[in-house]
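Colleague: Could you have a look at this structure, given as structure tokens, before my questions?
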Amino acid sequence: QNKMAELIQESKQAQQEEERRDEPVYDTDDSLDSDGYDKHDPFANKAKAIDRNNERIMEFHQSSIQKASKSIIENKEKMTYFEKNTLKYVVLAGLLLMLVYTNLTTVQ
């Protein structure tokens with residue numbers, strides 16, 4: 001019976017050690033910065049930049065201008081001739097203003 005009890009005890013200990021190995025290891029030495037990136041990771045700055053860029057892209061996709069342009073594109077078949085021409089000239093005027101504005105800002 002003693003041998004049987006010892007074997008059961010050993011198997012329980014082995015099972016507990018195996019469970020401890022399967023548990024995730026958490027970083028407890030405060031090596032993470034305020035954004036949750038490792039301070040010693042050489043690629044952390046690039047990862048932060050990518051994350052910030054992705055946030056900006058998501059904000060753009062949720063913006064009202066993007067939603068309006070999406071609805072215009074989806075309803076293009078239902079637009080009248082007058083609406084199509086008006087839209088075309090508004091877009092062309094916007095592109096022209098952007099061109100003029102970029103040229104003015106580069107001259108200064």
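Here, each number is a calculation from the coordinates, and none is a lab measurement. Computed from a predicted structure; not experimentally measured. Methodologically, a virtual Cβ is constructed for each residue, glycine included, from the backbone with ideal geometry; neighbour enumeration extends over all protein chains shown.
Colleague: Within region 37-76, report the chymotrypsin sites (Phe, Trp or Tyr not before Pro) that DSSP leaves as loop and that have at most 13 other Cβ atoms within 10 Å.
Modeller: For chymotrypsin sites (Phe, Trp or Tyr not before Pro) across region 37-76 that sit outside H, G, I, E and B with at most 13 neighbouring Cβ atoms in 10 Å, the list reads F43.
Colleague: Let me ask you something else. Between the alpha-carbon centers of region 66-104 and region 47-61, tell me the distance in whole angstrom.
Modeller: Using only Cα atoms, the two centres lie 26 Å from each other.
Colleague: So for region 2-107, taking the charge dipole from beta-carbon charges (+1 Lys/Arg, -1 Asp/Glu), which of I50, V100, S31 sits furthest toward the positive end?
Modeller: It is V100.
Colleague: Output the Kirkwood hydrodynamic radius of the chain, Cα pairs only, in Å rounded to one decimal.
Modeller: 21.3
Colleague: Taking springs between alpha-carbon atoms closer than 10 angstrom, which of S31, S11, S63 fluctuates most in the Gaussian network model of the chain?
Modeller: S11
Colleague: Using the Cα centre as the reference, give the magnitude of the dipole from point charges on the C-beta atoms of the chain (Lys, Arg: +1; Asp, Glu: -1; all else neutral), rounded to the nearest 20 debye.
Modeller: 1280
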